[in-house]
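The values are calculated or read from the model by the stated rules, or taken from the named source; none is laboratory data. Predicted model only: the values in this text are computed from it and were never measured. Note that we place each Cβ from the backbone using ideal geometry, even for glycine, and neighbour counts take in every protein chain shown. Surface accessibility is based on the protein's heavy atoms, side chains included, excluding ligands, DNA and RNA. Shrake-Rupley method; radii C 1.70, N 1.55, O 1.52, S 1.80 Å.
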Amino acid sequence: MNIRSTILIIVVIIVSRITLIGGEGMWIPMLLQQLNEKEMQEMGMKITAEDIYSINQSSMKDAILLFGRGCTSEIISKDGLLLTNHHCGYSRIQKHSTVDHDYLTNGFWAMNKSEELPNPGLTATLLIEMKEVTDSVLVGVDDDMTMKVRQDILASNIKKITSNFEKESKYKASIKPFFKGNEYYMMITEVFKDIRLVGAPPSNIGKFGGDTDNWMWPRHTGDFSLFRIYVDKDGNPAEYSEDNVPYHPKYYFTISLDGVEEDDFTFVFGYPARTNEYLPSYAVEQITEVRNPDKIKLRQTRLEIFSKYSNRDPEVRIKYATKHARVANYWKKMIGESGGIQRMKGIEKKIDFEADFLTWANESGNSQYAAILPEFNKLYSELEPLQVAADYLSEAGMAIEVVKYANTYRKLVGTSKDDPVNQDKIDDEIKRLKNGKKSFFKDYYQPIDEEVMTAMLKLYDMNMPDGMYKPQFIETIHGKFKGDYQAYTDYVFSKSMFDKDEKLTEFVNKYKAKKYKKIQKDPVFEMASQLGTIYYQNIRKQISAINNSIDSLMRIYMKAQMEMNSNERYYSDANFTLRVSYGNVNGYSPKDAVYYKHTTTLEGIMEKEDPDIYDYVVTDRLSELYNNKDYGAYADKDGTLHVGFAASNHTTGGNSGSPVLNADGHLIGVNFDRCWEGTMSDLMYDPEVCRNISIDIRYFLFIVDKYAGAGYLLEEMNLVKSE
């Protein structure tokens, strides 16, 4: 029996005996009618699955876009206003910021369309249709072939399917695996390329609470930013042009002014990135008890160095704002993830399930299924030292900014050495490197990188075993520099050109192929080269081979789990494709005798205010509005201004910026985080504590209108309030 037949049987069983289990699950929108509609409506939803996803009429999917490469956004006006999180737009806001025009600190508001700021390279991707193509992708594939042969056939089939489609269509196509490679779906998309910044609150609103409150509840962050989609005069996606016009969408969200009550039905529609809910215990243990602790330690070291310098100098703070946020985000997530798995005894639960699985496999007489778990144990044991070494290479070695930057010159060296007469190819590389150099030095501060290098070299040396994972420059530190990491760092920075803008500019401008040896001899490039050699020669191929074996085994294990528990409903792990999750507005109890309410208010911001701590500075304007209770139409019926709310929707990275919708399908919030106690939901979902965190849409409207004075934007929107 193939996996799709298994799923159809499960659907029939589930529909006949459905229970209210909303919370866990990231569901494929095109299958909502079969799998979820009845449950969603019993939980309170007043619309249909067709209203959410349809290819026959305009539907909510026509207002959901993948923002850049890693967030979700939604269209909220007839003129293509795009709403997402402040942290999703953060790097774009930062790139437009200078000391004189510090949009991170002061916010930015275009008071008319001519003031909206272009963002070269930023895209927003709209799903046109999703199609199942499993049979076509698996043509020529059988269970006896090796993973390498299987992957080659799959890649060839996928390329053929997407190429044939794109020849006959103006849209793009991509195909992704679901259920660990047991099913395949094609995503047909339209990519918009002219995305302009319209508005962003100051960081004291958009990032209120900073790293301290990140991943935490209660939360008081106005985490939003506004962009607009522009198209050519015919309504087609186009690169930036002054002649482009605002996009008029097929669908945009109605915005509710009603707010939320505890237990209200709600759903999230967006692009969750990665989850791994069906991993064996060996994998969960390796992630949470081995790899996470190492990476937490390395990132915390860097963050402490970033903060020391950023707190001294506003210019450095601006330069490192995006870098700090990126490092801190996953650092804190890993802490919560490992803690959550430990608290819910997640590994033990996996082991108990595996004991039942082994019993079932033996009783069913399926020797292939019975052999899965011992093989997992073997593979993950082989993978662990390799993966730890790879983590240290990326989180310590390549975390040194100048080393990572020097690594971008590898291709120029290779071309100059192997094909020196190909001047066109060399010129193309020089052009690319000049563009990269400008971006690198704009946000680079050498004293930070020097201190990071010293700290990372020491941690790398202390935690990697002697032998194949240690580069030659570690021997140099212990030999020529007598184990003095700082002395080695001083030497590297004194001799290198990669941290010196003017010197590197002169070198690149006068570059000839024969000069590649100067790059090779640069001590920073030598570091990058040695680290790269270790990865490519000693680690990458081995990790890839083991992971291929694990992937092949996971495909069988996924199928087996679904056969074992055929009365349960399964959802595919997140893979950056459009999904729906649903649940209820709820608080939660993180520990004994503590209960967190489901909403936060402006009063909470004022309670947290601390003018001496950057993350808790409250702007004068916000204080004024609070003191005057000048909330306009955005106050709750209790008279307070609600800032955020928590609900049991299953979300992950990529869901940042996702619309949060009520029973009528109206926009009530924008998802931006999860509670810290529930960050293990990428591996295991706990309905007691897993909560997504959203900005109340009324707080967004309040900031735009009352705070920023950009109320003209609301004229484009459709605002509704119940009688």
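Go through the residues of segment 537-550 one by one and say whether even a single one is open to solvent by 60 Å² or more (accessible area, probe 1.4 Å), more than 30 Å from Y409 (Cβ to Cβ), in contact with a helix residue (DSSP H, G or I) (Cβ under 6 Å, 6 or more places away or on another chain) and modelled with pLDDT under 95. Within segment 537-550 (the criterion being open to solvent by 60 Å² or more (accessible area, probe 1.4 Å), more than 30 Å from Y409 (Cβ to Cβ), in contact with a helix residue (DSSP H, G or I) (Cβ under 6 Å, 6 or more places away or on another chain) and modelled with pLDDT under 95), the answer is no, since none of the residues qualifies.
Of all residues in segment 590-606, those satisfying the criterion of being at pLDDT 95 or above and surrounded by 12 or more Cβ atoms within 10 Å (Cβ to Cβ) are Y596, K597, H598, T599, T600, T601, L602, E603, G604, I605, M606.
Against the list (1) outside any helix (DSSP H, G or I); (2) within 18 Å of T577 (Cα to Cα); (3) open to solvent by less than 20 Å² (accessible area, probe 1.4 Å); (4) of a type outside the set (K, R), the condition D62 fails is (1).
Looking at segment 239-256, can you tell me whether even one residue there is part of a strand (DSSP E or B) and open to solvent by 10 Å² or more (accessible area, probe 1.4 Å)?
Restricting attention to segment 239-256, the residues satisfying the condition of being part of a strand (DSSP E or B) are 245-246, 255-256.
Imposing the further condition that a residue be open to solvent by 10 Å² or more (accessible area, probe 1.4 Å) reduces the set to 245-246.
Scanning segment 239-256, I find at least one residue that is part of a strand (DSSP E or B) and open to solvent by 10 Å² or more (accessible area, probe 1.4 Å), so the answer is yes.
Taking the condition over 30 Å from V618 (Cα atoms), modelled with pLDDT of 95 or more, touching a Gly at 6+ places or on another chain (Cβ under 8 Å) and not basic (K, R), does I205 pass? Criteria not met by I205.
Residues that are open to solvent by 50 Å² or more (accessible area, probe 1.4 Å), modelled with pLDDT of 95 or more and closer than 18 Å to S310 by Cβ within segment 438-463 comprise Y445, Q446, E451, listed in sequence order.
Residue count for segment 607-645 satisfying the condition of being of a type outside the set (S, T, N, Q), surrounded by fewer than 19 Cβ atoms within 10 Å (Cβ to Cβ) and in contact with a Ser or Thr (Cβ under 7 Å, 6 or more places away or on another chain): 1.
Pull up segment 683-709, narrow it to residues that are within 11 Å of S648 (Cβ to Cβ) and not basic (K, R), then point me to the one that is nearest to the chain's Cα centre (by Cα).
Initial filter on segment 683-709 (within 11 Å of S648 (Cβ to Cβ)): 685-692.
Filter again for not basic (K, R), leaving 685-690, 692.
Values: Y685: 18, D686: 21, P687: 22, E688: 24, V689: 21, C690: 18, N692: 15 Å.
My answer is N692.
Among the criteria (1) open to solvent by 20 Å² or more (accessible area, probe 1.4 Å); (2) touching a Pro at 6+ places or on another chain (Cβ under 6 Å); (3) not in a loop (DSSP other than H, G, I, E, B), the one F269 does not fulfil is (1). The condition of being crowded, with 16+ Cβ neighbours inside 10 Å, more than 27 Å from the chain's Cα centre (by Cα) and not in a helix (DSSP H, G or I) holds for only one of F498, F576, F525, that being F498. T125 meets the stated requirement of being open to solvent by 10 Å² or more (accessible area, probe 1.4 Å) and under 20 Å from N575 (Cβ atoms). Taking each residue of segment 567-592 that is within 18 Å of D682 (Cβ to Cβ) and looking for partners that are outside any loop (DSSP other than H, G, I, E, B) and among the basic types (K, R) with beta-carbon atoms closer than 6 Å, six or more apart or interchain, yields N575/K176; T577/K176. From the set of residues in segment 67-90 that are open to solvent by 30 Å² or more (accessible area, probe 1.4 Å) and over 19 Å from G669 (Cβ atoms), which is nearest to the chain's Cα centre (by Cα)? Result: G70. A single member of G639, G657 is outside any helix (DSSP H, G or I), over 27 Å from G336 (Cβ atoms) and at pLDDT 95 or above, and it is G639.
Each row is one residue, and each column tells you yes or no for (1) under 26 Å from L122 (Cβ atoms); (2) assigned to a strand (DSSP E or B); (3) of a type in the set (S, T, Y); (4) more than 21 Å from the chain's Cα centre (by Cα).
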| residue | (1), (2), (3), (4) |
| --- | --- |
| I158 | no, no, no, yes |
| I161 | no, no, no, yes |
| N164 | no, no, no, yes |
| K170 | yes, no, no, yes |
| A173 | yes, yes, no, yes |
| K176 | yes, yes, no, no |
| Y184 | no, yes, yes, yes |
| V191 | yes, yes, no, no |
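Please specify each residue of segment 609-623 satisfying the condition of being part of a helix (DSSP H, G or I) and farther than 18 Å from R698 by Cα.
The first filter runs over segment 609-623 and keeps only residues part of a helix (DSSP H, G or I), leaving 614-616, 620-623.
Once the filter is applied, which keeps residues that are part of a helix (DSSP H, G or I) and farther than 18 Å from R698 by Cα, segment 609-623 yields Y614, D615, Y616, D620.
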